[in-house]
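Please find one structure pasted underneath; my questions will follow.
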Amino acid sequence: MSTALLQKNTVRLSLVLLVIVGAVAVFAPWLGLPDPEEVNLAEKLAPSGPGHLLGTDHLGRDVLARLVFGARTSIGSVFAILLLIALFSTLAGSVAGFVGGAVDSVIMRICDIFLTFPTLILAMFFVGILGTGLTNVILAIFLTHWAWYARIVRGIALSLKSREYILAAKVAGTRGFSLVARHILPAMAPQVLVLATLDIGHMMLHVAGLSFLGLGVQPPMPEWGVMIGDARQFIWTEPQLMLYPGLAIFIVVMAFNLLGDGLRDALDRSGMLEERVR
Amino acid sequence: MKALLEVRGLEIETAARPARELVRGASFSVFAGETTCVVGASGSGKSLSCLSVPGLLPPGVRKTGGEVRFRGERIDNLPKEALRRLRGTAISMVMQNPMSCFDPVFTIKSHFLETIAAHERLSRREADEKMMSALAEVGFDDGAKILAAYPFQLSGGMLQRVMLAMALSLDPALLIADEPTSDLDTVAQARVLDLMDAARRGRNMGVLLVTHDFGVAAKMASSIVVMDGGQVVETGEAGAIFAAPVHESAKALVAAHEKLCAPLAAEGVEV
Amino acid sequence: MTALLSAVDVQRFYRRGGIFRRGERLHVLKGATLEIGRGKAVGLVGRSGCGKSTLGRILLGLERPDWGSVFFKGKDISAKDGGEFAKFRKSVQVVFQNVQGSVNPRMTAGEIIGEPLRNFFGISKREAVERSRPLLEQVGLKGSDADKFPPHFSGGELQRVCIARALAPEPEVIVFDEAVSSLDMVVQARVLELVQKIRDERGLAFLFISHDLRVVAGLCDEVALMDGGVIAARERSVATLAKTGGATIARMLESLPPAGPGERAFR
Amino acid sequence: MGRYILRRILTLIPILFVVSVVVFLILRMAKGDPAMAYLRMSNIPPTEQALAEARIELGLDKPVAVQYADWFMKALRLDFGRSYVTGRPVLEEIMHYLPATLALAGAGLLLTMAVSVPFGVLAAMGKDRLPDHLMRAFSFVGVSMPNFWLGLLLVYLFSVKLGWLPPMGRGGAGHMLMPVVTLSFMSIAINVRFLRAGLLEHIRSRSVLFARARGVSEGRITWIHVMRNAMIPVVTSMGMHLGEMLGGAVIVENIFSWPGVGRFAVQAVFNRDYPTLQCFILMMTVIFVLCNLCVDILYAFIDPRIRLAGEQR
């Protein structure tokens, strides 16, 4: 299965790309780049040159350094959100699916309420309440997305519950934790993984979008959405300033989407994870 | 006597490269008013052989050789439109797993009307009469209720009879039935088979019946074609094959069937 | 003597719909009572949708009845005294109809058969796989098949793996739920032969659920007919059932395909 | 059908009620004292006495349940309070900006449907050939493209470089073009994939095989059977797209200085203008919910399995 997955060129390419971006993000402080938050008005809006490979922004900060450190913020925040969701939604969804009855009803009604709101608007609302900043954005996106996952995980759990091999395992005396570890998690994990990979891009766009509006990550912290937001006012004179961070978001999101698509083709034969939108 | 349907040297392969042979040189025929049963294990190529008759091979599979003659004329090289006009009129089909064969968003009536409209120009009244009499033929007294229903509101056995009614409504000369009863219990199976047999007798129709169950073949067949590994390994009159099968797989099938029937016979139950 | 396994006056409803939708209740079992004696092979026949598989699942403890109880060796299994229930669990095994669906595709045959061994005898995974090899041989496969994954088996072979899994914990009852219905006729005959052999050699009790009277007739000491959610009749054989069972059994019998081509051969 | 619609409408009432409670409670848990915010906005120095008076004026001294009941009774009379910033009734303000946003989202939805359906069909019909590859590439670009970046790129290209389109503001059709494209780009991409997958799945289905066996023409099979079945998920996704568009509108309005409610709401977030924020999210949710209701009804109309659920056999 994994070999078939890697045979796809798009998947290979996006994996390589993501590994590079990931490595750059992790090792950013040791790459010898200028301080991304250091303001130097004397050098503002400098063109690209030996000192600043991609030039500087309106406050004279090095654009390349901001891009690299921005990767840390963007990717880091998305993984934080995913971790929260993976833990919480998988738990809520599988409990709802496997326990059923009143527990199921209660969890699903709570999901319904969260799903009643348009996502970005609810996120905006949460940010409005909690205040701006990276942590609050992570929290807001988590709060607006968990219900989707919980619902899908519940669907997976329900379909697993009635599978004959789960029943057969029960008859063979497998119970509780062993049943989960041996049969349920291995069946569920690839599907949740595909789901998450397909959604990473979407979440990155949400984080960046909120930051672009000024509701997310706050300056001077480097973040791609913030960079685009800053670059807006210079669109007439310095269009490259919005080009770099935009390309960065676009390429990374694209890589995650291609990877997710490849994963789905390879892992999901059950059709549980139909393409979906939110 | 001239055969109604004659298949000669049929070759079917997968379209992928390297191609895999699925059917190799299969030949069989169906006579008017008689039932030919194609029997074999799953994967023996029996369904593909029959689907290729009206040109309905699934994508990824193609016919690479042989000829199909219907009423003496080749139909395997007919233009698409001509072949389409044969399907449903001269050559009808009943398929397995009826639940999946109907489009869930349409009523039985619109399926039915669509079939008729594909071939004949009838007034609303005439079409209604045709549908009602076809449904009556398969034992539905309340045809109007069936017509108004959606496929998922009927049971598998009922849907299979509806399918048969549709197939019969335009008086086909040949009925191809691909495992029509493998999803039904024995009572529903007998019902469908009896109806099919009555229709055959009533209109001197030829029937090509695919099954893995030698009991079904025993009930229905005038002649039997045994397939194994994509090849026709034995052909003959039903009585002859039951009495003295020659090829290994034919022997195995007959033996399995006899074994299945033996205990009841031993108990003295008349079947 | 008390029966080994019995369902007494079992009722079961299925609910459709939910809080916001109009609920609907399907009364599947309406007070079914069935006993399986020690070493007895009981056939449970009926038309599709009559509730026979539901009764099978209830007897297996996979579903709880809404009314009535299941007794194993005279004790109610829902009382769930831990030790008692473990004994029940080990003693009542199952083989399902959906062959491909009843094995975990990520496990080898050895691990599949080893699962009950590990659970009931507390042995290591490696030991369990080793002990699965003789079991595979008993059901007509090779010991080396233990290392193969489900997609590498045919339907009939896979059903043998499932039978081996059911035999592994040395149970006292095995429920065969339409265990041969989805197999080709030749394979069906071979699997039935195997089942017969096991019955004769081990003296196990069987519950054989099927819509096909032919399958049940050769195997069972008793035949129960399920109709309208209850056990409508229970006799020593299909033949006696036919005499006393009423309209449903009569229809089921007359619907059976003939043993050989009749008059049509001499058309 | 009538019963189905009625049932769906009735289920909305508890949902909307719960939504209003949730929004209300979350606001009460917000960081910072609304009374303080109120004073700040009214330019009153925050003395102890002023704070206490503001609390009484805002009803903050009462139990939360009473506060909610007060608020709810007022809300029933469409009184959502006054904006801390402008001091004018919130609803009036929102209603002032709302039509521009709805025009944007409506046009976006229209464009999505108008473009994605032919594109999806094109991709499915030319599977594994050039049109399909193009559409797949397009859809990957579409779902990966940040809409705020796309908007800026469009402005750069068509306003800065070519000077064809006005970069911002509301006016004629020219003003609409870029915002609407920006808004619907991702939805179009998602729908194309959706429709392609649906069409391909149904082309291979057994019901199509059976239709062929009955001699039904290829045209009818494609356009009646396959299309109708493939449209079901597309229709159901429309409600979700609308949610995306209402959210996206906030961003697009900011880029193109479109005088819609989203821009107003972002200001409200910055100013911690809670009454405005509360009314904004309630309005958006009501619009979203009502549109989803329409979608559900349409869905039930297309798919009898939904309409007849619970009435089987």
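The values are calculated or read from the model by the stated rules, or taken from the named source; none is laboratory data. Remember, it's a predicted structure, so these values are computed and weren't measured experimentally. Positions of Cβ are generated from backbone atoms using ideal geometry, with glycine treated the same way; all protein chains shown enter the neighbour counts. Accessible surface is based on the protein model in full, side chains and every heavy atom, while ligands, DNA and RNA are left aside. Shrake-Rupley method; radii C 1.70, N 1.55, O 1.52, S 1.80 Å.
Could you pull out every one of the lysines with an alpha carbon less than 23 Å from that of residue C:125, ignoring same-chain neighbours closer than 8 positions?
Within reach: A:170, C:87, C:90, C:142, C:148.
Cut-off 10 angstrom, C-alpha nodes, Gaussian network model of chain C. Which of C:205, C:179, C:86 fluctuates the most?
Result: C:86 has the largest fluctuation of those listed.
Further question: Nearest 0.05, what FRET efficiency do residue D:294 and residue C:200 give at R0 = 56 Å with Cβ-Cβ as r?
Working from the Cβ atoms, E equals 0.25.
Oh, and also: Between chains B and D, what is the buried accessible area summed over both chains (1.4 Å probe, protein heavy atoms, nearest 100 Å²)? Present the calculation step by step, with values, prior to reporting the outcome.
On the way: alone 13310 and 17490 Å², together 28280 Å².
Chains B and D together bury approximately 2500 Å².
Separate question: Around residue D:88, under 14 Å between beta carbons, what's the net of Lys plus Arg minus Asp minus Glu among the other residues?
Result for the local shell: -3.
I would also like to ask the following. Which of the residues in segment A:117-159 show a loss of at least 50 Å² in accessible area from their chain by itself to the complete set of protein chains, at a probe of 1.4 Å?
Buried by 50 Å² or more upon assembly, which counts only protein chains, are A:117, A:118, A:120, A:121, A:124, A:125, A:128, A:129.
Once amide H atoms are built 1.01 Å from N in the peptide plane, which residues 5 or more positions from residue B:177, or in another chain, come under 5 Å H to H?
It is B:94, B:208, B:209, B:210, by chain and number.
Summarise the accessible area of segment D:173-272 (1.4 Å probe, protein heavy atoms) by the percent that is carbon and sulfur.
In segment D:173-272, the share of accessible area belonging to carbon and sulfur is 63 percent.
Roughly how big is segment A:55-270's charge dipole about its Cα centre, with Cβ charges of +1 (Lys, Arg) and -1 (Asp, Glu), in debye to the nearest 20? Spell out each step's value before the answer.
On the way: 14 positive and 12 negative charges, 166 e Å.
About 800 debye.
Summarise the accessible area of segment C:5-254 (1.4 Å probe, protein heavy atoms) by the percent that is carbon and sulfur.
Of the solvent-accessible surface of segment C:5-254, carbon and sulfur hold 47 percent.
Next question. If you take every residue apart from residue A:96 with its C-beta less than 15 Å away from the C-beta of residue A:96, what net charge results, scoring Lys and Arg +1 and Asp and Glu -1?
Net charge in that neighbourhood comes out at +2.
If you don't mind, another one. If you roll a 1.4 Å probe over the heavy atoms of the protein chains, what accessible area per residue do you get for the protein assembly as shown, in Å²? Write down the numbers at each step before the final one.
On the way: 46200 Å² over 1129 residues.
Spelled out: the 1.4 Å probe surface of the protein assembly as shown, per residue, equals 41 Å².
Here's a follow-up. So which helices of chain A fit the span-like rule, where a helix is a whole DSSP H run, its Cα atoms reach 18 Å or more along the axis, and its mean Kyte-Doolittle is at least -0.5?
Answer set is A:9-26, A:63-99, A:101-115, A:134-161, A:185-212, A:240-267.
While we're on this one: Which of D:227, D:240, D:29 moves the most in a Gaussian network model of chain D with Cα springs under 10 Å?
D:29
Counting each DSSP H run of 4 or more residues in chain D as -39500 (n - 2.57), what helix-only mean residue ellipticity at 222 nm follows after dividing by all residues, to the nearest 500 deg cm²/dmol?
-25000 deg cm²/dmol
Taking only complete DSSP H runs, can you tell me which helices of chain D stretch 20 Å or more along their own long axis by Cα positions and average at least 1.6 on the Kyte-Doolittle scale?
Those that pass (Cα extent of 20 Å or more, hydropathy at least 1.6) are D:2-28, D:274-302.
Using Cα pairs under 8 angstrom and six or more residues apart, how large is the relative contact order of segment B:147-271, in percent?
Reported as a whole number, the value is 17 percent.
Residues with amide H under 5 Å of residue B:65's amide H, sequence separation 5 or more or different chain, H placed in the peptide plane at 1.01 Å from N; which?
B:11
From the C-alpha coordinates alone, can you work out the Kirkwood hydrodynamic radius of segment B:22-133, in Å? Don't skip to the answer; put the middle values down first.
On the way: mean 1/r = 0.0608 Å⁻¹.
By the Kirkwood definition, the hydrodynamic radius is 16.5 Å.
Further question on the same structure: Please compute the alpha carbon radius of gyration of chain C, then divide it by the globular-protein estimate 2.2 N^0.38 Å. Two decimals is fine.
Normalised Rg, Cα atoms only: 1.06.
List the residues of segment D:244-259 whose accessible area drops by at least 50 Å² when all protein chains are present, compared with their chain alone, using a 1.4 Å probe and counting only protein heavy atoms.
Hits at the 50 Å² cut-off: D:244, D:251.
Another question, then. Between residue D:62 and residue C:78, what FRET efficiency follows from the Cβ-Cβ distance if R0 is 45 Å, with the result rounded to 0.05?
Efficiency, from the Cβ-Cβ distance: 0.30.
How high is the relative contact order of segment D:165-300, in percent, with contacts defined as C-alpha pairs under 8 Å that are six or more residues apart? Mind showing how you got there, number by number?
On the way: 97 pairs, mean separation 38.0, N = 136.
It comes to 28 percent, rounded to a whole number.
In debye to the nearest 20, how big a dipole does segment C:5-254 give about its Cα centre with +1 on each Lys and Arg Cβ and -1 on each Asp and Glu Cβ?
Its charge dipole is roughly 620 debye.
Additional query: Of B:96, C:167, A:160, which is farthest along the charge dipole of the protein assembly as shown in the positive direction, counting Lys and Arg as +1 and Asp and Glu as -1 at C-beta?
B:96
Would you mind telling me the antiparallel percentage of the DSSP bridges in segment C:5-254, rounded to 5?
If I count the DSSP bridges inside segment C:5-254, around 55 percent turn out antiparallel.
Can you tell me the length gained on complete extension of the stretch residue C:30 to residue C:144, counting 0.36 nm per residue apart and subtracting the Cα distance?
That pair, residue C:30 and residue C:144, stretches by 36.3 nm at full extension.
State the percentage of accessible surface on segment B:1-136 attributable to carbon and sulfur atoms; use a 1.4 Å probe and exclude ligands, DNA and RNA.
It is 50 percent, rounded to a whole number.
A further question on this structure: Starting from one equal scatterer on each C-alpha and no solvent at all, send me the Debye-based log10 I(q)/I(0) for segment D:198-246 at q = 0.32 Å⁻¹, two decimals.
With one equal scatterer per Cα and no solvent, log10 I(q)/I(0) is -1.12.
Go ahead and set up a Gaussian network model of chain B, Cα springs under 10 Å, then flag whichever of B:40, B:206, B:55 fluctuates most.
Largest GNM mean-square fluctuation: B:55.
Need one number: buried accessible surface between chains C and B, 1.4 Å probe, both sides summed, DNA, RNA and ligands left out, in Å² to 100.
Between C and B, the summed buried area is about 3200 Å².
Taking a ≥ b ≥ c as the square roots of the Cα gyration tensor eigenvalues, with a/c under 1.5 meaning rounded and otherwise prolate when a/b beats b/c, else oblate, which class fits chain D?
Because a/c hits 1.5 or more and a/b fails to exceed b/c, chain D counts as oblate.
At a 1.4 Å probe radius, which order do C:240, B:35 fall into by accessible area, largest first?
My answer, sorted largest first, is C:240, B:35.
Oh, and also: Using Cα pairs closer than 8 Å and at least 6 residues apart in sequence, work out the relative contact order for chain A, in percent.
Over chain A, the number comes to 23 percent.
Moving on to the next point. Taking the alpha-carbon distance from residue B:63 and a cut-off under 18 Å, which lysines remain once sequence neighbours fewer than 8 residues away in the same chain are dropped?
By straight Cα distance, residue B:63 reaches B:46, B:80.
Also: How large is the Kirkwood hydrodynamic radius of chain B, counting all unique pairs of alpha carbons, in Å?
Result for chain B stands at 19.3 Å.
Leaving ligands, DNA and RNA out of it, work out the accessible area of residue D:291 with a 1.4 Å probe and give it in Å² to the nearest 10.
For residue D:291, solvent-accessible area is about 50 Å².
Counting helices only, and only those DSSP H runs with n ≥ 4, report the 222 nm mean residue ellipticity of chain C as the sum of -39,500 (n - 2.57) divided by its residues, in deg cm²/dmol to the nearest 500.
-11000 deg cm²/dmol
Hey, another quick one. What base-10 log of the normalised intensity I(q)/I(0) is obtained for segment A:55-270 from the Debye formula, alpha carbons as equal point scatterers, at q = 0.13, 0.14, 0.15 Å⁻¹?
Log10 of I(q)/I(0), two decimals: -0.79, -0.88, -0.97.
On to the next question. Per residue of segment C:224-229, what does 6.51 cos²θ - 1.76 cosθ + 1.60 with θ = phi - 60° give for ³J(HN,Hα)? Whole Hz please, x for Gly and Pro, Karplus curve as stated.
Going residue by residue, I get 10, 9, 9, 8, x, x Hz, with x marking Gly and Pro.
Let me ask you something else. Cα to Cα, under 23 Å, and not fewer than 8 places away if on the same chain: which lysines meet these conditions relative to residue D:62?
The qualifying lysines are D:31, D:74.
Then there's this: Over both sides of the A-D contact, add up the buried accessible area with a 1.4 Å probe and give it to the nearest 100 Å². Don't jump to the answer; show the numbers that get you there.
On the way: alone 14250 and 17490 Å², together 27100 Å².
Looking at A and D, the buried total is near 4600 Å².
Hey, another quick one. Before rounding to the nearest 500, sum -39500 (n - 2.57) across all DSSP H runs of length at least 4 in chain A and divide by the residue total; then give [θ] at 222 nm in deg cm²/dmol. Can you show the working numbers first?
On the way: 11 runs with 191 residues, N = 278.
Result for chain A: -23000 deg cm²/dmol, rounded to the nearest 500.
Could you list, bin by bin from short to long, the percent of Cα-Cα pairs of the protein assembly as shown in 20 Å steps?
In whole percents, the pair-distance histogram is 10, 33, 34, 18, 4, 0.
Give the Rg/Rh ratio for segment C:165-267, taking Rg as the radius of gyration of the Cα atoms and Rh as the Kirkwood radius, to two decimals. List each step's numbers first, then the result.
On the way: Rg = 15.5 Å, Rh = 15.3 Å.
My calculation puts Rg/Rh at 1.01.
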